[in-house]
1. Compute the Kirkwood hydrodynamic radius of region 63-137, taking the inverse of the mean of 1/r over all pairs of distinct Cα atoms, and give it in Å to one decimal.
2. Determine, from the Cβ-Cβ distance of residue 35 and residue 135 and an R0 of 35 Å, the FRET efficiency 1/(1 + (r/R0)^6), rounded to the nearest 0.05.
3. Tell me, what is the FRET efficiency for residue 26 and residue 106 to the nearest 0.05, using R0 = 35 angstrom and their Cβ-Cβ distance as r?
4. Can you tell which of 64, 107, 39 shows the greatest fluctuation in a Gaussian network model of the chain with Cα springs below 10 Å?
5. For the chain, what is the largest minus smallest coordinate of the Cα atoms on each principal axis, given in angstrom and ordered from greatest to least?
6. Below 8 Å between Cα atoms, with a sequence gap of 6+, how large is the relative contact order for region 4-136 in percent?
7. Run the numbers for residue 99 and residue 117: contour at 0.36 nm per residue of separation, minus the present Cα-Cα distance, in nm.
8. Hey, got the Cα dimensions of region 2-48 along the principal axes, in Å, largest first?
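What follows draws every value from the coordinates through simple rules; no lab data is involved. Source: prediction; values computed, not measured. Every residue, glycine as well, gets a Cβ built from its backbone with ideal geometry; the counts of neighbours run over all protein chains shown.
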């Protein structure tokens, strides 16, 4: 399948209330910023899949030949200039199984649930490990 487009849903389970979160494109521009409240925040990320299943698109970053990930910008990185926080969360997407990618090609959204808080009780950042692994919804 050439140029298959899928949707990844990034759900932050417990974001820090009052702090801005956004997707971040390849130019480091915040996209779709929103202020966290008491509930989860969800971002739907459009992704293109190459013929060999590699994720590509305006939100997909890469390190080396295999690793692919998406950034969530937080606080000042998300455009909230008066925030005490300036962080980014890196969400790996290169390890999504071929079975799940096949389901996404059939129209399912692939969702992962992420922690919202780091050990310092601020927003989770750096490489964020899922609370619940990828699943088709």
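1. Here the Kirkwood hydrodynamic radius works out to 13.8 Å.
2. The calculated FRET efficiency here is 0.80.
3. For residue 26 and residue 106, the calculated efficiency is 0.80.
4. It is 64.
5. Computed over the chain, the largest-to-smallest principal extents equal 45, 28, 23 Å.
6. Details: 316 pairs, mean separation 37.7, N = 133.
It comes to 28 percent, rounded to a whole number.
7. Details: separation 18, 0.36 × 18 = 6.48 nm, distance 3.01 nm.
Extra length available between residue 99 and residue 117 comes to 3.5 nm.
8. Taking the Cα atoms of region 2-48, the three principal extents are 41, 22, 10 Å.
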